[in-house]
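Student: After the structure tokens below, expect a handful of questions from me.
Only the coordinates and a few stated rules stand behind these numbers; no lab work does. Quantities reported herein were computed from a predicted structural model and do not represent experimental measurements. In this analysis, Cβ positions are derived from the backbone assuming ideal geometry, glycine residues included, and neighbour counts consider all displayed protein chains.
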Amino acid sequence: MEASGNKDFRHASVLLSESVNALQIRPEGVYVDCTFGRGGHSAAILEQLNDAGRLLAIDKDVSALESAQCQQLLDDNRFQIEHGSFANLKNYIEKRQWMGGVDGILMDLGVSSPQLDNANRGFSFIQDGPLDLRMDQTQHLSAKDWLAKVSEDELKIVLRELGEERFAGRIAKAIIARRVQSPIETTLQLSSLIEDVAPVRERNKHPATRTFLALRLKINGELDDLQSCLPQAVNALSNGGRLVVISFHSLEDRIVKRFIRDQSRPGDCDLMGRKTDDTAPGLKKVGKIIKASRTEINVNRRSRSAVLRVAEKL
């Protein structure tokens, strides 16, 4: 995730120096930035690579690939980018014959500031815009389309499990009732509805925060992609290679924490990170979690929830 309002994209990424330092970059190494965004982390990695070094970036969002920052980096023959999900990491790595030879993989999870700040993308519950919420706008189903057909029971489950919304039942019932009268098509239509029905307001948190988070995670399959990518990342890394993950909410961080924990124990893991026999561990945890400094939080409030975890391939 990246800060907005900064024309120098190299200095916009959350935990930039901490995450790049955690990769322990070798000048001739091979690295993957699983979430290009606007290229802050990628640019910082490239600064430390020599002519033999290579960097692959991945992003679901076509606008990231079309950005001026990306076009600038594409002039560098050490850099390549793929449009798609990091859930397809294995395919991208095998395509380049890098399997087992990647020195570092960085994952900066969540939504980027350019996505949040563009009302037309539908990620903001404060600015009015179409209720879209797709990171990859080439995919068919938007949040508006999903809300138009989802059942009340499924919606309640999504809000409770993905948004950790304690008023999931009340909000789901109100959405379905409003939908009968007229379609919910804009962000402010939805956020105003939630404000009206939420019985309690959390301090410094808009009542629609958890609902929009739940819808975003559902529409984009973010947690499924994360669970799919993590074991692929372990296989892609070379011995001593680093996995560096920045998460922004508890569900993401819990998946990463448990995966590293399980991979650090003796025994192989299945695709869900569960051990299946008594062989050696695949990863070791490196250090403690890292959070944004007070200085960074003052500059970019979106960094306040960031948690960085690091593991090393054994």
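Student: Tell me which DSSP H helices of the chain clear both cut-offs, 18 Å or more of axial length from alpha-carbon atoms and a mean Kyte-Doolittle hydropathy of at least 0.0. Mind dumping the intermediate values first?
Tutor: Details: long enough: 168-181 (20 Å, 0.26); 222-236 (20 Å, -0.11); 250-263 (19 Å, -0.89).
Result, helices passing both filters: 168-181.
Student: Next question, about the same structure. How would you classify the range 112-151 from its alpha-carbon gyration tensor, with a ≥ b ≥ c the square roots of the eigenvalues: rounded for a/c under 1.5, else prolate if a/b is greater than b/c, otherwise oblate?
Tutor: Details: a/c = 2.75, a/b = 1.52, b/c = 1.80.
Note, shape of the range 112-151 comes out oblate.
Student: Also: In square nanometres, what is one fourth of the surface area of the convex hull spanned by the alpha carbons of the range 93-202?
Tutor: On the way: hull surface 38.6 nm².
Its average projected convex-hull area is 9.7 nm².
Student: Calculate I(q)/I(0) for the chain by the Debye formula, one identical point scatterer on each C-alpha and no solvent, and give its log10 at q = 0.07, 0.08 Å⁻¹ to two decimals.
Tutor: Listed by q, the Debye log ratios stand at -0.28, -0.37.
Student: At a Förster distance of 35 Å, what's the computed FRET efficiency of V286 paired with D128, Cβ-Cβ distance as r, to 0.05?
Tutor: Working: r = 44 Å, r/R0 = 1.25.
Given R0 = 35 Å and the Cβ-Cβ separation, E is 0.20.
Student: Would you mind computing Rg(Cα) / (2.2 N^0.38 Å) for the range 39-85, counting N as its residues? Present the calculation step by step, with values, prior to reporting the outcome.
Tutor: Details: Rg = 10.2 Å, N = 47, 2.2 N^0.38 = 9.5 Å.
In units of the 2.2 N^0.38 Å rule of thumb, it is 1.07.
Student: Quote to one decimal, in nm, the extra length available between N91 and S264 on full extension: 0.36 nm per residue of separation minus the C-alpha distance between them.
Tutor: Full extension from N91 to S264 adds 59.8 nm.
Student: The range 140-240: which GluC sites (Glu not before Pro) are DSSP loop and have at most 11 other beta-carbon atoms within 10 angstrom? Present the calculation step by step, with values, prior to reporting the outcome.
Tutor: Details: sites: E152, E154, E161, E164, E165, E185, E195, E202, E222; in loops: E164, E165, E185, E202.
Here the sparse-neighbourhood loop sites are E202.
Student: Taking the range 71-129 on its own, what percent of its Cα-Cα pair distances exceed 13 Å?
Tutor: Working: 1278 of 1711 pairs.
Roughly 75 percent, rounded to a whole number.
Student: Charges at C-beta only: +1 for Lys and Arg, -1 for Asp and Glu. How large is the resulting dipole of the range 20-122 about its Cα centre, in Debye rounded to 20?
Tutor: Dipole of the range 20-122, to the nearest 20 debye: 260 debye.
Student: In nm, to one decimal, how far is the modelled label at N298 from the one at K149, with both set 7 Å along Cα→Cβ?
Tutor: The modelled label-to-label distance comes out at 5.1 nm.
Student: To the nearest whole percent, what portion of all C-alpha pairs in the range 187-235 is separated by more than 14 angstrom?
Tutor: 61
Student: Sticking with this one: What fraction of the DSSP beta bridges in the chain is antiparallel, stated in percent and rounded to the nearest 5? Write down the numbers at each step before the final one.
Tutor: Details: 14 of 32 bridges.
Around 45 percent of the beta bridges assigned by DSSP in the chain are antiparallel ones.
Student: Report the charge-dipole magnitude of the chain in Debye, nearest 20, computed about the Cα centre from +1 at each Lys and Arg Cβ and -1 at each Asp and Glu Cβ. If you can, show how the numbers build up before the last one.
Tutor: Values: 45 positive and 43 negative charges, 225 e Å.
It works out to roughly 1080 debye.
Student: List, in the order given, every pair from K90/K205; K95/K313; K90/K149; K90/K156; K144/K313 whose Cα-Cα distance in the structure shown is over 31 Å.
Tutor: Over 31 Å apart, Cα to Cα: K90/K205; K90/K149; K90/K156; K144/K313.
Student: Among N120, N204, N220, which one shows the biggest mean-square fluctuation in a GNM of the chain, springs joining Cα atoms closer than 10 Å?
Tutor: N204
Student: Next question, about the same structure. Please go through the range 139-208 and write out the trypsin sites (Lys or Arg not before Pro) that DSSP classes as loop and that have at most 11 other C-beta atoms within 10 Å.
Tutor: Values: sites: K144, K149, K156, R160, R166, R170, K173, R178, R179, R201, R203, K205; in loops: R166, R201, R203, K205.
Here the sparse-neighbourhood loop sites are R201, R203, K205.
Student: Filter the trypsin sites (Lys or Arg not before Pro) in the range 37-69 to those in DSSP coil with at most 14 other Cβ atoms within 10 Å of their Cβ, and list the result.
Tutor: Details: sites: R38, R54, K60; in loops: R38, K60.
Hits after loop and neighbour filter: nothing returned.
Student: For E161 and H83 in one chain, what is 0.36 nm times their gap in residues minus the Cα-Cα distance, to one decimal in nm?
Tutor: Working: separation 78, 0.36 × 78 = 28.08 nm, distance 2.89 nm.
Working it through step by step, the gained length comes to 25.2 nm.
Student: Given N residues in the range 1-134, what is its alpha carbon radius of gyration divided by 2.2 N^0.38 Å?
Tutor: On the way: Rg = 14.9 Å, N = 134, 2.2 N^0.38 = 14.1 Å.
Rounded to two decimals, the normalised Rg is 1.06.
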